[in-house]
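Structure record follows, encoded as structure tokens.
Every number here is computed from the coordinates shown, using simple stated rules; none is lab data. Because the structure is a prediction, the values reported are computed rather than measured. Note that we place each Cβ from the backbone using ideal geometry, even for glycine, and neighbour counts take in every protein chain shown.
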Amino acid sequence: MDTERLIRDIVANVISKIEAGVSGNPNASSSGQVMSGKKTGAQEGSSQKKIVCGVSVRHVHLCREHVDVLFGKAYEMQVLKELYQPGTYAYKETVTVVGPRLNAIQNVRVLGPLRDRTQVELAKTDCIILGIDAPVRPSGQLSGTASAVIIGPRGAVYLKDGIIRANRHMHLCTKDAEYFGIKDNDAVDVRVAGPKGLTFNNVQVRISPDYKSEMHVDTDDGNAADIVNGTFVEIVDASCVSPISLQMADGANTPPQIPDSSFTGEITDPNILKSMNNIALDPAGKSAGLPERQSANVQKKTIITTGDLDDYKDNGIEVSENVILSPLARDEALKRGIKISYKE
Ligand SMILES: [Zn+2]
């Protein structure tokens, strides 16, 4: 970023902060700033609902079990820095995320603390690179979400689901929520100013006394509106949805299709399946160049793809912690009437 722009951004932010400081204080009107015959800043500002925005770069939340596989049994994650939301931090550790196109995104930051379930949060652009059709979801709502492989220095994990694009959301501390008149789980519209200014819809509000008030967008949304960490945004009522244009309403005018035929949930490349076996699953750990003492806890896993289904047609497939059934193979097995049972 060039210096001039940096200074401009800082000045803009300071001015916004000063303005927010006036409007953000419910008692400001009693502080003697009344000018005769004119609205005070506080009164004018009371309809303004400004908060800061943060941009979430793609990241991973890991469960304990997956830390053991990716980094080694009982590995202790190292804190790199605390994040703005209290109780959350970035770890020093990163992982590589691989999708069915065999493209990999490296250095994906792991965020703490550890969670009950592993969750990968990507932007749409990341998904296109990886060939993953990840749905937009609130954090934690993972059923039926997309698959990927996560690779760490000590092993790899095939995630059947857990890959999402995080929904636009904002964290509000209880006081601000009350002041703004917004309830938990409300969906609001948020306006961003500037040459790339736009209004974001469907921003989910999450309220807690422990939060710092902050909106979170992914890098695609952030870049679209030139948002940087600390940019001020404004909660507005944008419920002025215009009707569909006459031209579009005419069935003869077919709008352009978004090419999404490249999205597929299947990892079929024999090399990556083999190297997954080598990295995570080779009990000796030698082919991945791992020290033998660290490989003792790595378990042998079986990956079943469509090509393997004949082996299971009589006895059926038992999916367990150590047996991974690819999504395509699962569909094909159901089609062929091969029994699938799940062992917890
Ligand atoms: Zn958030």
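The table below lists the values:
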item: Among 62-73, 195-206, 317-328, the order from most to least packed when residues are scored by Cβ within 10 Å on average; result: 62-73, 317-328, 195-206
item: Across K50/K183; K124/K335; K124/K339; K160/K343; K50/K196; K92/K183, pairs whose alpha-carbon gap is larger than 24 Å; result: K124/K335; K124/K339; K92/K183
item: Placed amide H near D133: partners under 5 Å, 5+ positions off or other chain; result: T264
item: Simple spin-label estimate for D9 and N107 in nanometres, 7 Å along Cα-Cβ; result: 1.8
item: Per DSSP, loop chymotrypsin sites (Phe, Trp or Tyr not before Pro) in the stretch 75-167 with at most 14 further Cβ within 10 Å; result: Y84
item: 3J(HN,Hα) from dihedral phi, the stretch 135-150, Karplus parametrisation 6.51/-1.76/1.60, rounded to Hz, x for glycine, proline; result: x, 7, 9, x, 3, x, 8, 10, 5, x, 8, 7, 9, 6, 10, 10
